[in-house]
Amino acid sequence: MGAPPHLTAEQRAMALAKAAQSRKRRAEVKNKVKSGEFSIDTVLEIAANEDSVGKMRVRELLEALSGVGKVRATTLMERLNISPTRRIQGLGRHQLKQLRHEFMKSTHAVAPGKLLVLSGPGGVGKSTVASTLRTSGDFWVSISATTRAPRSNEHDGVDYFFITDEEFSRRIKDDEFLEWAAFAGSRYGTPRSAVEEALLKGRNVLLEIEIAGAKQVKAHLAQSLLVFLEPPTWEELVSRLEGRGTDGPERRAERLALAQEELAAASFFDIVIVNDQVERVVEQLIGLIS
Ligand code: ADP
Ligand code: 5GP
């Protein structure tokens, strides 16, 4: 190791002042974590842009979180293969991702917000139910991103965030989706940060997504409640898809073929509800979270 650099008195005073400022900034961030003002996600984001926060030890961050003491922090770090002295800026991509997931599990247990996933075959009435629930104010309903083209009655940022294939791929790469799936030639994904934020604020969150996505959510968040919406009969499902009038005959045939496969997935779900009347389904769903 070479000799330490020789500093003039002025340089030394400047370095000391800078170090003191960094420590002060880290203490400030930790206090905000302790008070619940900053989530772990917020800190990780700040750490990516601010060197002084990036230098915070992972252990300090974890111990500042409500409900995470020394023992739990140690166990967690061992499990995620994070060395005891690791700083936030030294975490790998995979470790950052694992930490975020872990945080979702632990905070969800204490946060009052519940995550309900509504799934079922295309045309059964999921978006009709979801939009009624959005208006009722009982749920914060997630808006998905999709590569599908908007239908004539749909608006960007209201029904979906309509994005390009390239943008969708970028979001997958940057781990911005809680789950995503390909369906009928397009891709659909749930924006992770908005959902996490709503849950942390104690909102009950509703995701209206197809079956493969619902399974992914359950795998990440075991406490989520999966609801499968069933049509009263197959004929009724066909008539609803036709009645909606949003797909041409070819698209409709494709969606009906998919619906047949989707109906077989009901047994995977926590609860199955028959959508005979929208109001009745809405009441049942509100009952599940109250
Ligand atoms: P999904 O989102 O599952 O694809 P939609 O919400 O678009 O289904 O509903 C498909 C069609 O069925 C729509 O025209 C909608 O108005 C109608 N619909 C939904 N629920 C019911 C119901 N309980 N009874 C009759 N028609 C319904
Ligand atoms: P549509 O094209 O009819 O709007 O949606 C097709 C299917 O994609 C529906 O079953 C709908 O529930 C599902 N879907 C919508 N958003 C998402 C999402 O974010 N993730 C997943 N996995 N499926 C979604």
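Which order, highest average first, do 278-288, 146-156 follow once you tally other Cβ atoms within 10 Å for each residue and take the mean per peptide?
Top of the packing list down: 278-288, 146-156.
The modelled label-to-label distance between His220 and Glu154, using points 7 Å beyond Cα along the C-beta direction, is 2.1 nm. Over the chain, the pair-distance histogram of Cα-Cα distances with 5 Å bins from zero comes to 1, 5, 10, 13, 15, 14, 11, 9, 7, 5, 4, 3, 2, 1, 1, 1, 0, 0 percent, rounded to whole numbers. A straight Cα-to-Cα reach below 19 Å connects Lys126 with the lysines Lys114, Lys215, Lys218, residues fewer than 8 places away in its own chain not being considered.
Filter Lys30/Lys201; Lys55/Lys201; Lys18/Lys70 down to the pairs with a C-alpha to C-alpha distance above 21 Å, please.
Details: Lys30/Lys201 19 Å; Lys55/Lys201 28 Å; Lys18/Lys70 29 Å.
Violating the 21 Å Cα-Cα cut-off are Lys55/Lys201; Lys18/Lys70.
Could you tell me how many degrees, from 0 to 90 and to the nearest 10, lie between the Cα long axis of helix 93-110 and the main elongation axis, the longest principal axis, of the Cα atoms of the chain? Approximately 70 degrees, to the nearest ten. Helix 234-244 and the longest principal axis of the Cα set of the chain meet at an angle near 70°.
Placing pseudo-labels 7 Å out from each Cα toward the beta carbon at Arg79 and Phe162 gives an inter-label distance of 4.3 nm.
Express in nm, to one decimal, how much length is gained between Ile143 and Ala184 on full extension, taking 0.36 nm for each residue of separation and deducting their alpha carbon distance. Walk me through the numbers before you get to the answer.
Numbers: separation 41, 0.36 × 41 = 14.76 nm, distance 1.88 nm.
Using 0.36 nm per residue and subtracting the Cα-Cα distance, I get 12.9 nm.
Coordinate-derived values only; no laboratory data. Computed from a prediction, not measured in an experiment: that's the story for all the values here. In this analysis, Cβ positions are derived from the backbone assuming ideal geometry, glycine residues included, and neighbour counts consider all displayed protein chains.
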